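FYI, it's all coordinate maths here, none of it is from the lab. All figures in this text were calculated on a predicted structure; none of them were measured in a lab. Cβ placement follows ideal geometry from the backbone for every residue including glycine, while neighbour counts extend to all protein chains displayed.
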Amino acid sequence: MIVLAIESTCDETGAAVAKGYGEPMAIEILSDVKATSTKMHAKYGGIVPEIAAREQMISIIPVIETAIENSGTRIEDIDSIAVTQGPGLIGSLLIGVETAKALALAWKKPLIKVNHMAAHVFANWIRPLVTPELPAIALIVSGGHTDLIYLEGLTVWKWIGGTRDDAAGEAFDKAARVMGFPYPGGPQIEVLSKKAKGESKFKLPRPMIHEDNLEMSFSGLKTALVQVVGSPAFAEATARSSREQVICALAREFNQAVVDVLIKKTMKAVELYQPKSVLLAGGVAANALLRENLVASIKYLGKKLFIPELKYCTDNAAMIAACALMRPDYVDSLKLRPNSGLEVG
Ligand code: KG4
Ligand code: ZN
C-alpha cells in the first residue's frame with residue numbers, strides 16, 4: 001500500500017510518499033519533502049495566517065512534484081492520497097485539502113482525511129522504530145495543543161487531560177518573544193538555556209504541578225516571566241552582570257518549568273492508567289530536556305518509551321502518511337477533545 005500525503009496545517013508545506021506492509025504494519029518513508037515560511041514570521045513573534053496561506057499556495061505543487069520524484073514511485077503506483085484536515089489555520093489547510101481533492105479526482109485515487117494531532121502520535125510508528133504496544137499514553141505537545149491521550153487500541157482513543165489555556169509550544173513562543181527572540185520560540189529557548197552557566201536567581205512557578213489531576217496550565221507561567229523581565233530587580237541584575245548570562249539562566253529556568261510540569265503530569269497518567277508504552281508527539285517533543293527527563297522517568301517506571309526522530313517531531317507529511325496507513329478508516333470522526341481547532345472538509 002503506497003500513499004501520497006500532504007500536510008499544510010500552518011507554516012510548513014509538506015509532501016511525503018510512504019509504503020506500508022506486513023503485520024503489524026511497517027511504515028517505510030520513500031520521500032519526505034518540506035518547504036517552510038517560518039523565517040517570514042520571525043519578526044512578528046508568531047505566525048501571520050495570511051502570509052502562511054500565500055506561501056502554502058506557492059510551495060504546494062513543487063513540493064508534491066519533488067516528493068513523487070524523490071520516492072522513485074510512479075503516479076500509477078500510488079494507492080491513495082492523504083491530507084491533513086485539521087486542526088490548523090484555515091487558510092493554510094484549505095490549500096492542502098483542495099489540492100489533495102483535485103489530485104484525487106484527476107488521478108482517480110481515494111482521499112483520506114487525517115487529523116493532524118493523531119498524525120503526530122503516529123510518527124511513533126515510522127520505521128525503524130519498533131511498533132509501540134498498546135495500551136499507551138500519548139503526550140502531545142505542539143504549538144496549539146498539550147494533551148494526554150489514552151490509546152486503548154488503535155481505534156479507541158480517549159482524551160484524559162491537557163492544558164486549560166496555552167499550549168506548551170505556545171508558551172515557549174511567547175516566552176521567547178518576551179525575551180526579545182524570534183519565532184519559533186522553543187528552539188530559541190533551548191539554545192539560550194544550554195548557554196546558561198548557572199541557576200537563575202529569578203525563579204518561575206510550575207503551575208498546577210501539585211494538583212492531583214491531569215490538568216495543566218501555562219499562561220500563568222508566561223505572566224510570571226513577563227513580570228520578571230519587567231521588574232526593577234531584573235533591570236538591576238542585567239545592568240550589574242552580563243545581560244546575556246541573566247537571560248540564558250532565565251531561559252533555562254523557563255525550559256525546566258515547562259518540562260517539570262509535562263513530566264509530572266505524564267507520570268501521573270502512567271500511574272493511573274498503567275499502559276504498556278508511552279508515546280511523545282508534537283513539535284515540543286524536539287526539546288532535548290523533555291526527551292532526556294522523560295527517558296529517565298519512564299525507565300524508572302519500567303514502561304517502554306517511544307519518541308519520534310527529530311525530523312518527525314515538528315510538522316511533516318511523513319506522519320500524515322503513517323496515520324493514513326495505520327488508520328485509513330477514520331480520522332474524520334476523531335475528536336481528540338472538544339473544540340480542538342478548525343477543520344476543513
Ligand atoms: O507540532 P508543531 O511543529 O506545530 C503544531 O502543530 O503546532 O509544533 C510547533 C511548536 C512551536 O511552538 C515551537 O516553538 C515548538 O513546537 N518547538 C519546540 C522545539 N522545537 C519546536 N519547543 C521546545 N523545544 C524545541 N526544541
Ligand atoms: Zn503539528
Only four residue types carry charge here, +1 at the Cβ of Lys and Arg and -1 at the Cβ of Asp and Glu. Report the dipole size of region 1-127 about the Cα centre in Debye, rounded to the nearest 20. 160 debye
Of the cross-linked pairs LYS34/LYS109; LYS19/LYS39; LYS39/LYS276, which ones have a Cα-Cα span greater than 29 Å in the structure shown? LYS19/LYS39; LYS39/LYS276
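Relative contact order of region 136-306, please, whole-number percent, based on alpha carbon pairs below 8 angstrom and at least 6 residues apart. Working shown, then result.
Values: 292 pairs, mean separation 48.5, N = 171.
Rounded, it is 28 percent for region 136-306.
When the chain is fully extended, how far beyond the present Cα-Cα distance does LYS195 get from MET25, taking 0.36 nm per residue of separation?
Details: separation 170, 0.36 × 170 = 61.20 nm, distance 4.21 nm.
Extra length from LYS195 to MET25 when fully extended: 57.0 nm.
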For n ≥ 4 DSSP H runs only, could you compute -39500 (n - 2.57) per run for the chain, divide by its residues and tell me the 222 nm figure to the nearest 500? -13500 deg cm²/dmol
Straight-line reach from LYS158: which aspartates and glutamates have a Cα under 18 Å away, not including same-chain ones fewer than 8 places off? GLU133, ASP147, GLU215, GLU271, ASP329, ASP332
Dipole of region 136-306, positive end: most advanced residue of ALA167, ALA281, CYS248 [Cβ charges, Cα centre]: CYS248
Using +1 at the C-beta of Lys and Arg and -1 at the C-beta of Asp and Glu, which of CYS10, ALA42, ALA237 has the Cα lying farthest in the positive direction of the dipole of the chain? ALA237
Taking the alpha-carbon distance from LYS197 and a cut-off under 26 Å, which lysines remain once sequence neighbours fewer than 8 residues away in the same chain are dropped? LYS174, LYS222, LYS264
If you wrap a convex hull around the C-alpha atoms of region 1-123 and split its volume per residue, what is the figure in Å³? 99 Å³
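Taking the Cα centre of region 136-306 as origin, sum charge times position over the Cβ atoms of Lys and Arg (+1) and Asp and Glu (-1), and report the length of that vector in debye to the nearest 20. All intermediate terms of the calculation are to be shown ahead of the outcome.
Numbers: 22 positive and 17 negative charges, 94 e Å.
About 460 debye.
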Between the helical axis of 49-71 and the dominant principal axis of the chain, each derived from Cα atoms, what acute angle in degrees is found, rounded to the nearest 10? 50 degrees
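Restricting things to alpha carbons, find the Rg to Rh ratio for region 84-160 using the Kirkwood radius for Rh. Intermediate values should be presented prior to the final figure.
Details: Rg = 14.9 Å, Rh = 14.3 Å.
Result: Rg/Rh = 1.04.
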Compactness ratio of the chain: Cα Rg over 2.2 N^0.38 Å, N = residue count? 1.00
For GLY46, which sequence-distant residues (separation of 5 or more, or a different chain) have an amide H within less than 5 Å of its own amide H, given hydrogens modelled in the peptide plane? TYR183
Antiparallel DSSP beta bridges within the chain, as percent of all bridges there, nearest 5: 55 percent
With an 8 Å Cα cut-off and a minimum separation of 6 or more residues, compute the relative contact order for region 131-198 in percent. 21 percent
Using only the alpha-carbon atoms, how far is helix 90-107 inclined from the longest principal axis of the chain? Give it as 0 to 90 degrees, nearest 10. 20 degrees
Specify the angular offset, from 0 to 90 degrees and rounded to the nearest 10, of the alpha carbon long axis of helix 288-301 from the longest principal axis of the alpha carbons in the chain. 80 degrees
At a threshold of 8 angstrom on Cα-Cα distance, excluding pairs fewer than six apart, so keeping six or more, what relative contact order does the chain reach in percent? 24 percent
Straight-distance crosslink candidates among aspartates and glutamates, where the alpha carbon sits under 13 Å from LYS108 and sequence neighbours closer than 8 are dropped: GLU76, ASP77, ASP79
So, with +1 on the Cβ of K and R and -1 on the Cβ of D and E, and no other charges, what is the size of the charge dipole of the chain about its Cα centre, to the nearest 20 debye? 900 debye
